[in-house]
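Since the structure comes first, as structure tokens, the remarks are kept for the end.
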Amino acid sequence: AQSVTQLDSQVPVFEEAPVELRCNYSSSVSVYLFWYVQYPNQGLQLLLKYLSGSTLVESINGFEAEFNKSQTSFHLRKPSVHISDTAEYFCAVSEENQGGKLIFGQGTELSVKP
Amino acid sequence: DARVTQTPRHKVTEMGQEVTMRCQPILGHNTVFWYRQTMMQGLELLAYFRNRAPLDDSGMPKDRFSAEMPDATLATLKIQPSEPRDSAVYFCASGLVIGWDLNYGYTFGSGTRLTVV
């Protein structure tokens with residue numbers, strides 16, 4: 001059965017610094033991978049996804065994530081963060097032949113300080 | 001932008017009362033999920049539907065929770081009787097699943113914040 005581990009529960013970082021939020025998954029079959037972002041008192045928003053093809057995927061606001069099958073990872077990175085990136089970030093996995101079922105990690109709280 | 005609509009946004013109720021949460025998925029989406037979010041447990045999958053039929057409700061306490069889709073525009077999650085430990089934010093999400101598993105990501109509603117006192 002699939003599971004998702006986000007290795008850091010909180011990541012404090014200064015504005016304009018680079019950041020990496022780590023995500024590892026466990027699955028014996030092919031997977032689809034997602035990052036969602038949750039701003040305070042809001043629902044989750046899809047940030048980016050890996051379905052197939054290029055292992056490096058990008059979002060419109062400068063985040064990128066790389067699918068590494070051998071390490072079963074899908075880490076999220078941004079070269080220079082902004083105050084407005086402060087939010088909780090969730091990694092999620094959907095395993096093949098599971099009807100689209102989406103399982104989430106515990107979340108990483110990114111706090112960007114001036 | 002199309003959105004998933006959840007009502008009510010906030011609900012405070014007394015222990016033992018029935019609670020019904022509603023969700024209007026995006027038109028054309030064939031899959032609807034119910035998640036519960038708490039500080040301790042994070043995001044837990046309660047149940048999900050494909051073309052209005054339940055696919056998996058193993059995450060839901062069966063004795064008090066029930067989930068239905070009476071039509072394609074409405075999903076409901078009911079708790080009867082409610083207990084303080086049910087206090088959480090309940091999210092509905094919808095999406096389009098191609099074939100058996102290919103999904104392009106789901107759209108979440110803003111959630112219902114439930115407090116049971």
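The values are calculated or read from the model by the stated rules, or taken from the named source; none is laboratory data. No experiment lies behind these values; they were computed from the predicted model shown. A quick note on method: Cβ atoms are made from the backbone with ideal geometry, for glycine too, and the neighbour counts reach across all protein chains shown. For the accessible areas, the whole protein counts, side chains as well, though only heavy atoms, and no ligand, DNA or RNA atoms are used. Shrake-Rupley method; radii C 1.70, N 1.55, O 1.52, S 1.80 Å.
Per the listing A:110, A:44, A:76, the residue uniquely modelled with pLDDT of 90 or more and in contact with a Ser or Thr (Cβ under 7 Å, 6 or more places away or on another chain) is A:110. For segment B:27-42, the count of residues that are on the phi > 0 side of the Ramachandran plot, touching a residue at least 60 places away in the same chain (Cβ under 8 Å) and not in a strand (DSSP E or B) is at least one. Highlighted here are the strands (runs of 3 or more DSSP E) found entirely within segment A:19-114 that include at least 1 residues which are touching a Gly at 6+ places or on another chain (Cβ under 9 Å) and open to solvent by 60 Å² or more (accessible area, probe 1.4 Å): A:44-50. Evaluation of residue B:59 against the conditions (1) in contact with a helix residue (DSSP H, G or I) (Cβ under 8 Å, 6 or more places away or on another chain); (2) within 14 Å of chain A (Cβ to nearest Cβ) shows that the sole unmet condition is (1).
When segment B:62-104 is examined, which residues are found to be among the acidic types (Asp, Glu) and either within 14 Å of another protein chain (Cβ to nearest Cβ) or under 24 Å from residue B:3 (Cβ atoms) (or both)?
Of everything in segment B:62-104, those that are among the acidic types (Asp, Glu) and either within 14 Å of another protein chain (Cβ to nearest Cβ) or under 24 Å from residue B:3 (Cβ atoms) (or both) turn out to be B:68, B:71, B:101.
Outside any loop (DSSP other than H, G, I, E, B), farther than 17 Å from residue A:99 by Cα and either open to solvent by less than 20 Å² (accessible area, probe 1.4 Å) or out of contact with any strand residue (DSSP E or B) (no Cβ under 8 Å at 6 or more places or on another chain) (or both): is that true of residue B:67 in this structure? Here the answer is no, as residue B:67 does not meet what is asked.
For segment B:105-114, enumerate the residues that are touching a Gly at 6+ places or on another chain (Cβ under 7 Å) and either more than 7 Å from every other protein chain (Cβ to nearest Cβ) or without any contact (Cβ under 8 Å) to a residue 60 or more places away in the chain (or both).
B:105, B:107
For residue B:60, the criteria (1) closer than 23 Å to residue A:46 by Cβ; (2) modelled with pLDDT under 95 hold in every case but one, which is (1). Could you go through segment B:88-102 and let me know if any residue there is of a type in the set (D, E, K, R), surrounded by 15 or more Cβ atoms within 10 Å (Cβ to Cβ) and under 24 Å from residue A:98 (Cβ atoms). Checking segment B:88-102: at least one residue is of a type in the set (D, E, K, R), surrounded by 15 or more Cβ atoms within 10 Å (Cβ to Cβ) and under 24 Å from residue A:98 (Cβ atoms). Here residue B:28 passes the criteria (1) open to solvent by 70 Å² or more (accessible area, probe 1.4 Å); (2) more than 11 Å from every other protein chain (Cβ to nearest Cβ); (3) small (Gly, Ala, Ser) except the one numbered (1). Under the condition of being within 17 Å of residue A:47 (Cα to Cα), under 14 Å from the mean Cα position of the chain (by Cα) and in a loop (DSSP other than H, G, I, E, B), the residues counted in segment B:70-117 number 3.
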